[in-house]
Amino acid sequence: MKRYHVQTFGCQMNVHDSERIKGLLESLGMGEARDQGEADVLVFNTCTIREKADDRFVAHLMEARAAKQRDPEKRIVVGGCWSESMKQELFDLYPFVDLAFGPGAIHKLGDYIAAGGDLPEGHFSTFDHFAGHLPGKRERRHQAWLQISQGCNSKCSYCIVPSVRGREQSRSLEDLVGEARRLAADGVRELTLLGQNVNSWGRDLPAGQRAGFGGLLRHLDQVDGIARIRFTSPHPKDMRDDVIAAMAECESVCEHLHLPLQSGSTRVLKAMRRTYSAERYLSLVGRIRAAIPGIALTTDIIVGFPGETEADFEQTMEVVDAVGYDHAFTFVYSPRRGTEAAAMAEQVAEHVKRDRITRLVDLVQRHAAEHNAALVGSVQEVLVEGPSRTDPSMLRGRTRGNKTTLFRGDAGEGELALVEILRSTSQTLGGRPAVIAAA
């Protein structure tokens, strides 16, 4: 049996795409190898959002070249966003690569394998259709991604996504509900909806098919067997009242929202082309918390965007302090080739960026610790994901607010367990199975 090995870089969309890649290869009779050395086909699913992901990938690609020199029969395949950003240049720089394709052309890998590795040289980047029809190999039986759209119509000045994933294209409501039902029948209890901008879903569909993102949440809430629905990532400019109402009213939609801020400075937000102000963002947070008390809020923040002054950074700190996030993904700004921001003057010095991100992380962690400490003594519903990675005697799972929770018990993977929270850190909760008094 021929074997494959897939290495994934970057975002949750890439993780989902890699599940499709694995499922596709196994449907063609291939088995999964534990590492590069055992594989006949090496597949790299790449990211180009941050420079660090590029550097990591190239290092692995050089290892693959060495492996191919030892075994010329090995095939090296590069997919994903970095591949799309490079196109034909990829073959010029790395001629040992056998096939390259963009994130909208995963099925070309299947064509390549089925044809015995005999496809015309070139980069396949045309978006033909969504990958929902392709077989998938999920990491966990009870959790699944559901891609609702491809591409993005926003023009954020730091982001390369629109140029590598194209303009926004939405899947139909019928397709999405149908896939959700199939996943539920296969044992899935938690769905995470994926898109570059999930809450603008459906605006490109024919007029009679536009249910709106709030409407999509309500339709998926009716799918039997789906106990939890999450989504990532929304754009604050499209977070409308109908979506907030659907989150509040749909039983399966979790009380957790990832709401990217990027900067707390309205001046910097304008340079980023984010199309909202800090004041508008804070007003939105107020409406969300009024409708969904106790909701856990997480975010993305970029430090050191070109021209960011100390005063701008302090405004970010003020917004973070006012919102009090449960968690934040914090990034030092990294110029991306082909973006407007890469050519901007006033690039911030690296030592300034590092100082600012250290201060920001400290503030985020303080709020996260306070939020988690407030849950001590409460009973939380936890979806069990399996044993803890560091202590197999403990079970690991997540609350509806997306808090990692560790506890001892006999619940199985995919089960919902009630857990009494006894302790906390800024990152995790710890507890024991709750004892529910008889009525």
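F329 falls short on exactly one of the conditions (1) part of a strand (DSSP E or B); (2) touching a residue at least 40 places away in the same chain (Cβ under 8 Å); (3) of a type in the set (F, W, Y), and that condition is (2). When L220, L205 are screened for being touching a residue at least 12 places away in the same chain (Cβ under 8 Å), in a loop (DSSP other than H, G, I, E, B) and of a type in the set (A, V, I, L, M), only L205 passes. The C-beta contact set for the stretch 80-97 (first residue farther than 14 Å from G338 by Cα and surrounded by fewer than 23 Cβ atoms within 10 Å (Cβ to Cβ), second residue among the hydrophobic types (A, V, I, L, M, F, W, C) and modelled with pLDDT under 85, distance under 8 angstrom, 6+ apart or interchain) comprises L93/M86. Counting only residues that are on the phi > 0 side of the Ramachandran plot, surrounded by fewer than 18 Cβ atoms within 10 Å (Cβ to Cβ) and not charged (D, E, K, R), the stretch 230-277 holds 1 of them. Scanning the stretch 11-48 for residues that are more than 25 Å from the chain's Cα centre (by Cα) and charged (D, E, K, R) yields a total of 2.
Among all residues of the stretch 332-346, there is none that is outside the structural domain of L429 (by TED's automatic domain parsing), within 30 Å of R289 (Cβ to Cβ), in a helix (DSSP H, G or I) and among the β-branched types (V, I, T). Candidates are the residues of the stretch 23-48 that are in contact with a Cys (Cβ under 7 Å, 6 or more places away or on another chain) and assigned to a loop (DSSP other than H, G, I, E, B); the one that is modelled with the highest pLDDT is C47. Only one of the numbered conditions (1) in a helix (DSSP H, G or I); (2) within 21 Å of the chain's Cα centre (by Cα) is not met by P234, and that is (1).
Filtering the stretch 7-23 to residues that are touching a Phe, Trp or Tyr at 6+ places or on another chain (Cβ under 8 Å), surrounded by 21 or more Cβ atoms within 10 Å (Cβ to Cβ) and either among the basic types (K, R) or free of Cβ contacts under 8 Å to residues at least 60 places away in the same chain (or both) leaves only K22. The conditions of being within 14 Å of H256 (Cβ to Cβ) and in contact (Cβ under 8 Å) with a residue 60 or more places away in the chain are not met by L375.
The values are calculated or read from the model by the stated rules, or taken from the named source; none is laboratory data. Since the structure is predicted, the reported quantities are computational estimates derived from the model, not experimental observations. FYI the Cβ positions are ideal-geometry reconstructions off the backbone, even for glycines, and counts take in every protein chain you see.
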